[in-house]
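Submitted below is the structure of interest, expressed as structure tokens.
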Amino acid sequence: MDIIQKRSKDVRIDQDVDFSTLIQNPLILKGLSASGYARPSPIQLQAIPLGRLGVDMIAQAKSGTGKTVVFAVIALEAIQLSITSPQALIIAPTREIAIQIKDVVQHLGQYIPQFNCEALIGGLSVQGDIKRLQHCQVVVGTPGRLMALLESKKLSTKTIKLLVMDEADKLMSDTFRQQIKYIYQKLSINKQVVAFSATFTDELLASLNDFVKEPHIVKLTHDLPTLEDSNTNDFYQTIQIYKDKFETTAELLSKVDFYQCMIFVNSFPRAAELATWLTDMGWRSGHICAGLSQEKRISVMEDMRQFKLRVLVCSDLIARGIDIDRVNLVINIDYPQNIETYLHRVGRTGRYGTSGIAINLVATEEDQNFLKSLQKKNVSIPPLPGIYHTWIIKSK
Ligand code: ADP
């Protein structure tokens with residue numbers, strides 16, 4: 001099965017505009033060009049100019065349309081190089097997203113002399129963070145570690161004038177809200193606050209109200225992401241299977257044309273077992289879940305990004321926010337708790353307007369019930385064409 005590579009309209013703009021009309025700093029423009037970005041996406045076109053003005057902002061656009069570049073540019077433009085302490089603080093909900101953001105900011109800022117951005121995340125030593133903070137203008141961090149560094153006064157907030165909240169809906173959830181509040185209160189009253197999210201609901205707006213002042217709102221799609229928003233909609237298919245799920249997965253990998261694949265399961269032992277099994281079958285596979293050490297998590301993500309792995313078996317730890325541009329196949333072996341997480345999972349393919357394929361394995365009544373709940377939300381998932389839907393599978 002061929003996967004067609006085309007860019008969808010959510011990353012294309014009609015105007016004949018390039019980044020130089022939005023940004024003056026030639027070193028940032030050079031960084032954008034070195035990253036291969038010629039023209040801004042719609043969210044970049046609208047949100048970069050507002051962010052540069054220093055106003056508070058809430059920006060919403062679907063996953064994979066370039067929001068990270070928006071706040072990376074805003075942060076790079078906000079800093080003064082003569083100051084070596086943090087001036088922009090970016091908060092992300094997971095360690096993997098924080099590292100990814102740090103890489104983007106560092107890459108875009110690569111031509112700016114004496115510029116440094118660091119990720120401060122749980123699972124790594126605090127001593128290392130203290131060293132990293134010695135010369136660091138942009139800090140990217142996860143809530144728990146940032147809070148701990150603030151409590152122990154190892155992170156000074158004196159020069160921070162910009163706060164970025166990525167995946168703001170997640171940061172506003174019960175898991176993180178108190179930590180975000182703590183961090184927010186430690187920052188100067190005059191800071192600029194910008195929040196980014198793929199979803200945008202009245203509830204989110206209300207909870208962000210405590211953090212932003214008269215925010216400018218940039219909203220590119222409707223409230224919640226849907227399958228129609230996805231670029232994988234040509235191939236979002238279900239297969240009816242009555243055979244072992246692991247065997248089916250291996251068979252699918254050999255029949256579907258893909259560069260890299262992410263497979264979602266719901267438990268740590270299952271992820272490890274499947275990755276080992278696929279490796280034995282000849283697929284270069286790794287796995288990532290919260291149970292692994294942080295060093296191992298970092299090295300698996302690097303292997304995936306460097307194309308040393310074709311397949312990554314994962315938990316919902318990396319269901320949202322992660323951008324690996326060669327991933328054009330997502331397989332759901334187990335189903336998530338809710339539709340929102342499902343949409344995040346399948347959004348790992350179809351990045352920046354490309355197309356991809358997502359396949360759901362159906363074996364148990366529970367699987368079927370989940371897919372029925374998708375249908376109730378008008379998400380229709382037709383059977384995969386060809387022989388696949390006639391396979392017989394046992395649950396595993
Ligand atoms: P989001 O934060 O909205 O989920 P990302 O910022 O992670 O999206 O971007 C998704 C992908 O699009 C990344 O691989 C990034 O390199 C690419 N990208 C972002 N902006 C541009 C652009 N202007 N031109 C080309 N590719 C881009």
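Bear in mind these aren't lab numbers, they're just calculated from the coordinates by the rules spelled out. Please read all numbers here as calculations on a predicted model, not as lab measurements. We place every Cβ from the backbone using ideal geometry, glycine too, and count neighbours over all the protein chains shown.
Based on the Cα coordinates of the chain, what is the per residue volume of their convex hull in Å³?
Each residue corresponds to 134 Å³ of Cα convex hull volume.
Could I ask something else about it? Helix-only estimate, please: 222 nm mean residue ellipticity of the chain, summing -39500 (n - 2.57) across DSSP H runs of length 4 or more and dividing by its residues, to the nearest 500.
It lands at -10500 deg cm²/dmol.
Considering the convex hull of the alpha carbon atoms of region 134-184, report its projected area averaged over all viewing directions, in nm², one decimal.
Mean orientational projected area (region 134-184, Cα hull): 3.6 nm².
Cα atoms only, region 101-165: Rg and Dmax in Å?
Looking at region 101-165, its Cα Rg and Dmax stand at 11.7, 34 Å.
Here's another thing I want to ask about it. How far is helix 268-280 tilted off the main Cα axis of the chain, in degrees rounded to 10, range 0 to 90?
Computed tilt is about 70 degrees.
With unit charges on the beta carbon (Lys/Arg positive, Asp/Glu negative), name the residue among His287, Ala168, Leu146 whose Cα is farthest towards the positive pole of the charge dipole of the chain.
In the chain, that residue is Leu146.
Let me ask you something else. Take the alpha carbon atoms of region 61-213, find their radius of gyration, then divide it by 2.2 N^0.38 Å using N residues; give the quotient. Walk me through the numbers before you get to the answer.
Details: Rg = 14.3 Å, N = 153, 2.2 N^0.38 = 14.9 Å.
For region 61-213, the normalised Cα radius of gyration is 0.96.
Follow-up question, since we're still on this one. Please list, by residue number, every one of the chymotrypsin sites (Phe, Trp or Tyr not before Pro) in region 271-347 that is coil in DSSP and has at most 12 other beta-carbon atoms within 10 Å.
Phe307
Using a Förster radius of 35 Å, what is the FRET efficiency between Phe268 and Glu302 based on their Cβ-Cβ separation? Nearest 0.05, please.
After rounding, the FRET efficiency stands at 0.95.
Another question, then. Using a Förster radius of 25 Å, what is the FRET efficiency between Arg39 and Lys372 based on their Cβ-Cβ separation? Nearest 0.05, please.
Efficiency at R0 = 25 Å is approximately 0.05.
I'd like the orientation of helix 294-305 relative to the chain: the angle between its Cα long axis and the longest Cα principal axis, in ° from 0 to 90, rounded to 10.
Around 70 degrees separate the two axes.
Give me Leu124, Leu53, Leu149 sorted ascending by neighbouring Cβ count inside 10 Å, so fewest comes first.
Working: Leu124 17, Leu53 10, Leu149 20.
Ordered from fewest to most neighbouring Cβ atoms within 10 Å, Leu124, Leu53, Leu149 come out as Leu53, Leu124, Leu149.
Also, quick follow-up: Set Lys and Arg Cβ to +1 and Asp and Glu Cβ to -1, take the dipole of region 15-157 about its Cα centre, and tell me which of Ala38, Gln24, Ser82 lies farthest positive.
So the residue we want is Ser82.
Send over the Kirkwood Rh of region 1-143, from the inverse of the averaged 1/r over different Cα pairs, rounded to one decimal Å.
For region 1-143, the Kirkwood estimate is 16.1 Å.
How much length is gained if the chain between Ser152 and Glu340 is pulled fully straight, taking 0.36 nm per residue apart and subtracting their Cα-Cα distance, in nm to one decimal?
Result: 64.1 nm gained on full extension.
Let me know the charge dipole size of the chain about its Cα centre in debye, to the nearest 20, where only the beta-carbon of Lys, Arg (+1) and Asp, Glu (-1) is charged.
840 debye
Here is a follow-up. If each residue of separation counts as 0.36 nm, what is the full-extension length gain between Arg132 and Ile217 once their alpha-carbon separation is subtracted?
Extending this stretch completely gives an extra 27.2 nm.
Still on this structure, please answer the following. Choose one of Ser299, Asn328, Ser315: the residue whose Cα lies farthest towards the positive end of the charge dipole of region 297-337 (beta-carbon charges +1 Lys, Arg; -1 Asp, Glu; about the Cα centre).
Of the listed residues, the answer is Ser299.
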